[in-house]
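Asks: Quick one: the structure is below, questions incoming.
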Amino acid sequence: MVLRGLQDIHQFNLTGTYFQHQKKGLVYCDVRNPENVNEVVESSNPDAILVFSGLAQEKLCQDNPELAYQTNVMGTENIVQVASRHNITLLYPGTINEFSGYQDGTICTEDTKPRAKDTSIYGKTKIIARQKVLERCITPAAIPVTDLVLGSGFGFVALGENNGYFRIRIDTTRFPIYIEDYLKYIQLFIANPQKYSGVRHLFSKEFQQGILLSDLAKKVTTRFALASECQVIEGATEFTPQANSEALMPIYRDTEAKNLATENRVLTSIRS
């Protein structure tokens, strides 16, 4: 979504990479292989590297902790080394999962020490990788931390087949950012890496106080004219779209997923 957004701006000459899912115009890169990373960087000669590679699915990381470490930690270290060697600025996206260990209403600012919950392999590997970027990258590096990235008009996850039910935690607070605002920050960083480097918590102004998923669901149902009838079951709400709807919704389709990273915390920023 970020690569496509930057391409639409027509301001950058981009080189995108892939690992498993080949697409036209993308270059193969295995971040676990330092020689491969160096080859891609030398051939493209970029002014900045945006690190959107990694193993992000929580369950996949739980089932494959060694793969998660090799990809998220060692892969990041390989990129940091190449960026430093070639004097290239680096943007390494953070995640709210890095703060999943806080369950006491902690206000998490850029100065809050990351702490993942014990069961989050993904969060733990992201924290280690973050430290490698901060400590070992000798060029300007940015770590924008986001919670939920929303596409234009709330687009995030496509509806499932047969317009099935979606379940969300109505008591969970999230701190979304629209993709347009995310892209603006990336543009600012590339134009002035010294000014916009470091750890920054990003969210759109509309959501700076957070928003309950129940309220976000209301915005979605209004935006896409979805069925307004909802069922509240054990702290979750279910609703189904109207027939033949092709809407996009910022709702996870995995009803077993536990996306509760911000349930008992406040994500905020001390920076402008």
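Asks: Name the residues whose placed amide hydrogens come within less than 5 Å of the amide hydrogen of Ile49, ignoring near sequence neighbours (fewer than 5 apart) on the same chain.
Replies: Thr89, Leu90, Leu91
Asks: Can you give me the long-range amide H partners of Thr17? Hydrogens built in the peptide plane at 1.01 Å from N, cutoff under 5 Å, separation of 5 or more residues or another chain.
Replies: When sequence neighbours closer than 5 places are left aside, the close amide H contacts are Val27.
Asks: OK, next. Among Ile128, Pro114, Tyr18, whose Cα sits farthest toward the positive end of the charge dipole of the range 1-129 (+1 at Cβ of Lys/Arg, -1 at Cβ of Asp/Glu, about the Cα centre)?
Replies: Toward the positive end, the furthest listed residue is Tyr18.
Asks: Further question on the same structure: Once amide H atoms are placed 1.01 Å from N in the peptide plane, what residues at a sequence separation of 5 or more from Gly94, or on another chain, have their amide H within under 5 Å of its amide H?
Replies: Amide H neighbours of Gly94, under 5 Å, 5+ apart: Val145, Thr146.
Read the figures in this text as sums done on the coordinates, not as results from a lab. Predicted, not measured: the structure shown is a model, and the values here were computed from it. Counting neighbours? That spans all protein chains shown, and the Cβs are built from the backbone with ideal geometry, glycine included.
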